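Visitor: Would you mind keeping the following structure in view while I ask a few things?
The values are calculated or read from the model by the stated rules, or taken from the named source; none is laboratory data. Here the structure is a predicted model, which means the values were calculated and not measured. Please note: Cβ atoms are built from the backbone with ideal geometry, for glycine as well, and neighbour counts cover all protein chains shown.
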Amino acid sequence: MKKIIPVFTIFILFIASLGLSPAQESGNARKGKFLFRKNCRTCHVAGGSAKELGPNSKTQAQWDEVFKNIDKLKCRDQWVTLSDKDKLDMYAQLWGHAFDSPSPEKCE
Amino acid sequence: MSDTYKKGLTRRQFLQFSGIAAAATLGGPRILHALVPSSGMAIQNQVVSLSSICDMCLNKCGLIARVEKGVVKKLDPHPKFLKSRGMLCAKGNAGIKQLYDPDRLKYPLLRKGGRGEGRWQRLSWPQALDLAAEKLKIIGEKYTRCGVLFMAGSDVQSSFVNRFASVFGSYNTVSHESNCLVSRNRAYLDTFGEMPIPDTLNSKYILIAGANVFEALITPDSIDMMTAKQKGCKLVVLDPRFTKTAALANEWQAIKPGTDMAFFLAVTNVLIEEKRYDEQFVQEKTYGLEQLREHVKKYTPEWAEKECEIPAQDIRRIARELSAAAPAAMIYPGRRTSDYEDSTQIRRSMAIVNALLGNWDRPGGLTAAREIKVKAKPFDPPFYEDNPEERVDAGRSLMMFEEEGSFKHARDAVIEGKPYPVKGFFTYKVNPMATGANRRKTIEMIQKLDFMITVDIAMSDTAWMADLVLPAPSYLERMDPVTALQGSSACGCIITRDPVVPALFESKPVFWIVSELAHRLKLGQFFNFTMEEYRQEQLKDWPEAKKDLKKDSFHFKHSRIYGVYEGKIYKTLSKKIELYNQRYAEKKADPLPVYRPPQNVPQGKFRLVVGRNAYITQGSSTNNALLSELVPENEVWVHPKPARSLGITSGELVEVSSPVGKGRLKARVTAEIRPDTVYMDSGFGMLSKGLSRVYQKGASIVEILEDHNDTISGNMAMHETFVMVRKVH
Amino acid sequence: MIDISRKQFVLVIDSQKCFDCKACMIACKVENNVPHGFWRNWVRPTEAKGRRVQFQPGQCMQCEAPACVAACPVRATFKRSDGMVVIDPKKCIGCGNCVTGCPYGARFRNPETKLAEKCNYCEHRLLRGEEPACVTTCPTKARVFGDLNDPESKISTLIKKGRLVQVANRKINTKPRIYYTTGTIQLDWPKEPTLPGNVRLPESFWKP
């Protein structure tokens, strides 16, 4: 599908006028969900090479720790390809749907 | 090739047609659970009993269909199905008339006249699907893919509608639940970290506020409650109406509508002041007792008496009785909690009492949900960069459930065109025209759309407003995926369905419909499986279940019921059961339920409360040929005192009106309701001429109800409307 | 097919278990093809202070002294050895005397067959070894059905225990063979039987 640039621009104006919460301003959880699936789920899946992982596998505090210490992760090399925006988006998804969040989410 | 809907098959034609269809598909000995009937010579007088799962309401009870010569003759309860305790209710028995109903949708229909005019053109399936795919594509390109709103009811194939929405690229999916119970789920999630399951069977004391378990049947709770009562359990009902639940309870308190929170805060006050809560449990497992203690000091029973009109001594006594019976006691976490603007907080006040008494994870109290995992076939939906960042109904309530959405907010957003335009609407087995308060706004919303597609069994009021109506088969004609079910202590199970008889007319399951649409929209890779294959994949982890599913359509899995949370943390911020909710505090909501008295009923008006009886499932079964004989129309219940001054007697036609709408129906003058309140059943006053038995019978609740909402969950609030009642001369 | 000729069928109803879901009524209607507007069984509310407080399921009482049998001019309806009052459709002339003669309103004239009709405990189901449809479908199992000639049956135990009542019409005593548990509120049967002029019933039939 072609991108509809004018509509998208109008939409950003809408968002600005709505005054959304900081989490939504800082990262796009939906994009984060997509990125998480694309980048992490290749290994972090049932029967995969790493432990099965979804937003509700950790508490919000634990996700904070993960994102503060990306360079200590075994898979840190994989993260190099991700932009800061990508990481923010993924954080928004994982933190926002963590085990102790108002809407915990599995990654199916 | 066009005809109006009214010119559909006559009853005689219908019967002929279904007879022919049955004969044509009879073909040979039907193998149990075969999707396609095997071909061969027809065997006369063949009688088979086939199992399935009822779908006349949400409960999903096991059944056995007696099929003679390819025609379903009788539905009986499956005696081994624990969740329904081996019963089938009136609706379940009437399921046969959902299958054989001349009012059924028979082939795809395209709107010809104005919306709701009822002029239709018959389409072939390829025509209908091509058109639907084309319209979805155009709307997606013009308004982004979030410009299509999807709404699927509580059906086991609804997951495929949501899967389609997700790969199509719209995250605007709304379930029926925001017209029902999301405030209750919100409240328990924000207290216990999950939605508990009541162990009614083993309870010694059940306090029911507003729920009507002996009419709005829930399996196994409704049956278990009667069994528990026979074993000596005390049932106490708070309700402005003398429901059948109230009639059969040990005690009925005609509480003033909208004051339930005052009652439960006062109960909390008694439990804390008199140290009647479970001290060890509260200390080990809950968070915020000190704040709660301080908070409820002012909420004494004497104070509550003035609010709820229940004597202080009764409140005190009930608190003590509850405490004596705990932990085999409960404030029943009932359904249909779409009533007030602070519904979530009202249900929180009930959840808090359950927590204080330790009615949790032990026999006779609330129990944790069991882990019954049935996997969906995994898929990775594409990401569409041009999509807006948020759902169209986002930001209108504090903590809306992402996966349920809010019909009320979504409808407002579509009408306003904000934050972005939504021009497509796809509905499946959901009837917001009959369940969403303020019907005029639903019509206004639909008038804003470019294209609306409805998949249903009959011409519901929602289908009546659609542009393209696609016929779905009933549950007795369908193959379904495997679904997990929960309900009280006895039963965690998985269920499935195979067709008992082949699908009548040109009806097609929604799975097939969205799959066909996906292929037309170049999204076929996400639907590259048959239902059979999908189910096989689901059952990979359930090798032991296959035999049962084939024979009975269900398989029970016995698991731990009590003590599930021993040594585990709760899914809340404090990792404990939250009496005091820290997240509410962060979001500027009341961290402890704060009582705000309801608006007083203005002079000359009544508060309208709504509900249902045991013979209807909201808007979906009032047109059933058997059930409509039990309840041909609804009535408005008026107490004899106001009825006298209004000059109304039973059976007389009256008009019930609110600022948003009005309706005419018969009055039932009865002492079974408070004088300041009137009551109506949902599911009547239909607009659709395709519902021949119930069209224009009685009055519609959603025509009269204003659309308020619970500020936290976005649930509809249906008891905030004041109405006038007058005699029609 | 099961031989039912040596059985004694009895029904015990615990009206305190009934929450008026009317599953029994719809189950019966489907099972027996009962036409629109007619019922072979029912759930009737009993009221106190203008409010419904108990729901009482019922159907043909299979009386020991049935008024319907007395009212039938052609002996199409009769008492059978298994305890059931039955109608022989081959003999029935559809006169309707039994319909007005029943003090419980348990009979009707089927507008299609023009013959008298009532509950027969779903005899075709009994022959298949099943229970009547109303009994099977009941959520709380408020109806208990069985063979009194089988001492081990649940119904025999219930009858032995006693504490059962009959809810007969106040005006006449037909000796109903459907029993209710104690605690059942006496229904005020609205129907006063009208019998054809040539039918004479013994004095004991009429209650003082």
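Visitor: For the list (1) surrounded by fewer than 18 Cβ atoms within 10 Å (Cβ to Cβ); (2) not in a loop (DSSP other than H, G, I, E, B), I need the number of the one condition that residue B:526 fails.
Guide: Here residue B:526 meets the rest and fails (1).
Visitor: For the stretch B:49-56, check the following and say yes or no: at least one residue is at pLDDT 95 or above, buried (at least 18 other Cβ atoms within 10 Å of the Cβ) and within 14 Å of chain C (Cβ to nearest Cβ).
Guide: yes
Visitor: Can I ask one more? In the stretch B:214-269, what count of residues is obtained for those that are more than 9 Å from chain C (Cβ to nearest Cβ), of a type in the set (Ser, Thr, Tyr) and touching a Cys at 6+ places or on another chain (Cβ under 9 Å)?
Guide: Residues in the stretch B:214-269 being more than 9 Å from chain C (Cβ to nearest Cβ), of a type in the set (Ser, Thr, Tyr) and touching a Cys at 6+ places or on another chain (Cβ under 9 Å): 1 in total.
Visitor: Next up: Go through the stretch A:31-52 and report how many residues are under 27 Å from residue B:570 (Cα atoms), part of a loop (DSSP other than H, G, I, E, B) and away from chain B (no Cβ under 14 Å).
Guide: Adding up the residues that qualify gives 1.
Visitor: Here is a follow-up. Would you mention how many residues in the stretch B:73-100 are within 21 Å of residue B:471 (Cα to Cα), aliphatic (A, V, I, L, M) and at the interface with chain C (Cβ under 10 Å from one of its Cβ atoms)?
Guide: 2
Visitor: Looking at C:34, C:12, which one is modelled with pLDDT of 95 or more, in contact with a strand residue (DSSP E or B) (Cβ under 6 Å, 6 or more places away or on another chain), under 21 Å from residue C:130 (Cα atoms) and surrounded by fewer than 24 Cβ atoms within 10 Å (Cβ to Cβ)?
Guide: C:12
Visitor: Restricting to the stretch C:15-24, name every residue that is more than 7 Å from chain B (Cβ to nearest Cβ) and at pLDDT 95 or above.
Guide: Answer for the stretch C:15-24, where residues must be more than 7 Å from chain B (Cβ to nearest Cβ) and at pLDDT 95 or above: C:18, C:24.
Visitor: Filter the stretch B:260-283 down to the residues that are touching a Phe, Trp or Tyr at 6+ places or on another chain (Cβ under 8 Å) and buried (at least 22 other Cβ atoms within 10 Å of the Cβ) and list them by number.
Guide: Matches in the stretch B:260-283: B:261, B:262, B:265, B:266, B:268, B:269, B:271.
Visitor: If you go through the stretch B:328-343 one residue at a time, do you hit one that is under 21 Å from the mean Cα position of the chain (by Cα) and assigned to a helix (DSSP H, G or I)?
Guide: yes
Visitor: Note down all Cβ pairs under 9 Å where the first residue falls in the stretch C:158-174 and is over 18 Å from residue C:46 (Cβ atoms), the second is part of a loop (DSSP other than H, G, I, E, B) and aliphatic (A, V, I, L, M), and they're at least six residues apart or on different chains.
Guide: Short answer, once both residue conditions are applied: C:159/C:148; C:172/C:65; C:172/C:201; C:173/C:65; C:174/C:61; C:174/C:65; C:174/C:168.
Visitor: Now for a different question. Working only within the stretch B:120-136, note down all residues that are surrounded by 17 or more Cβ atoms within 10 Å (Cβ to Cβ) and not aliphatic (A, V, I, L, M).
Guide: Scanning the stretch B:120-136 gives B:120, B:122, B:135.
Visitor: Return only the number of the condition from (1) in contact (Cβ under 8 Å) with a residue 40 or more places away in the chain; (2) in contact with a helix residue (DSSP H, G or I) (Cβ under 6 Å, 6 or more places away or on another chain) that residue B:199 does not satisfy.
Guide: (2)
Visitor: Picking from C:48, C:27, C:71, which residue would you name as being at pLDDT 95 or above and of a type in the set (Gly, Ala, Ser)?
Guide: Matching residue, one of C:48, C:27, C:71: C:27.
Visitor: Given (1) within 14 Å of chain B (Cβ to nearest Cβ); (2) part of a loop (DSSP other than H, G, I, E, B); (3) at pLDDT 95 or above, where does residue C:135 come up short, assuming only one miss?
Guide: Condition (2) is where residue C:135 drops out.
Visitor: Report yes if residue C:52 is among the charged types (D, E, K, R), surrounded by fewer than 22 Cβ atoms within 10 Å (Cβ to Cβ), within 14 Å of another protein chain (Cβ to nearest Cβ) and in contact with a helix residue (DSSP H, G or I) (Cβ under 7 Å, 6 or more places away or on another chain), otherwise no.
Guide: yes
Listed here are the residues, each with its yes/no results for (1) among the hydroxyl-bearing types (Ser, Thr, Tyr); (2) within 12 Å of chain A (Cβ to nearest Cβ); (3) without any contact (Cβ under 8 Å) to a residue 24 or more places away in the chain; (4) not in a loop (DSSP other than H, G, I, E, B).
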site	(1), (2), (3), (4)
B:380	no, yes, yes, no
B:415	no, no, no, yes
B:419	no, yes, no, no
B:434	no, no, no, yes
B:446	no, no, no, yes
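Visitor: Enumerate the helices (runs of 4 or more DSSP H) found wholly within the stretch B:627-708, keeping only those where 3 or more residues are within 14 Å of chain C (Cβ to nearest Cβ) and surrounded by fewer than 24 Cβ atoms within 10 Å (Cβ to Cβ).
Guide: Qualifying helices (runs of 4 or more DSSP H): B:627-630, B:640-646.
Visitor: Regarding residue B:574, is this residue within 14 Å of another protein chain (Cβ to nearest Cβ), in contact (Cβ under 8 Å) with a residue 24 or more places away in the chain and either within 30 Å of residue B:140 (Cβ to Cβ) or part of a loop (DSSP other than H, G, I, E, B) (or both)?
Guide: So residue B:574 passes the test.
Visitor: Which of (1) of a type outside the set (A, V, I, L, M, F, W, C); (2) out of contact with any His (no Cβ under 8 Å at 6 or more places or on another chain); (3) more than 13 Å from every other protein chain (Cβ to nearest Cβ) is the odd one out, the single condition residue B:153 does not satisfy?
Guide: Of everything listed in (1) of a type outside the set (A, V, I, L, M, F, W, C); (2) out of contact with any His (no Cβ under 8 Å at 6 or more places or on another chain); (3) more than 13 Å from every other protein chain (Cβ to nearest Cβ), residue B:153 misses just condition (2).
Visitor: Considering every residue within the stretch C:49-62, establish whether at least one is within 29 Å of residue B:97 (Cβ to Cβ) and either in a loop (DSSP other than H, G, I, E, B) or among the basic types (Lys, Arg) (or both).
Guide: yes
Visitor: If residue B:408 passes every condition in (1) crowded, with 19+ Cβ neighbours inside 10 Å; (2) part of a loop (DSSP other than H, G, I, E, B); (3) not aliphatic (A, V, I, L, M) but one, which one does it miss?
Guide: (2)
Visitor: Scan the stretch B:709-729 for residues that are assigned to a loop (DSSP other than H, G, I, E, B) and either closer than 12 Å to residue B:663 by Cβ or among the basic types (Lys, Arg) (or both) and report the count.
Guide: 1
Visitor: Still on this model: Within the stretch B:468-489, which residues are in a loop (DSSP other than H, G, I, E, B) and either surrounded by 24 or more Cβ atoms within 10 Å (Cβ to Cβ) or not charged (D, E, K, R) (or both)?
Guide: Within the stretch B:468-489, B:472, B:473, B:474, B:478, B:479, B:481, B:482, B:488, B:489 meet the criteria.
Here is a yes/no grid of residues against (1) closer than 26 Å to residue B:580 by Cβ; (2) free of Cβ contacts under 8 Å to residues at least 40 places away in the same chain; (3) touching a Leu at 6+ places or on another chain (Cβ under 7 Å); (4) of a type in the set (Lys, Arg):
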| site | (1), (2), (3), (4) |
| --- | --- |
| B:238 | yes, no, no, no |
| B:245 | no, yes, no, no |
| B:277 | yes, no, yes, no |
| B:291 | yes, no, yes, no |
| B:311 | no, yes, no, no |
| B:316 | yes, no, no, yes |
| B:323 | yes, no, yes, no |
| B:329 | yes, no, yes, no |
| B:332 | yes, no, yes, no |
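Visitor: What residue, among those in the stretch B:582-626 that are within 14 Å of chain C (Cβ to nearest Cβ) and small (Gly, Ala, Ser), is farthest from residue B:59 (Cα to Cα)?
Guide: Filtering first and then ranking leaves B:625.
Visitor: Another question about this same structure. Tell me, yes or no, whether the stretch B:449-467 has at least one residue that is in contact with a Cys (Cβ under 9 Å, 6 or more places away or on another chain), of a type in the set (Ser, Thr, Tyr) and part of a helix (DSSP H, G or I).
Guide: The answer is no; no qualifying residue exists.
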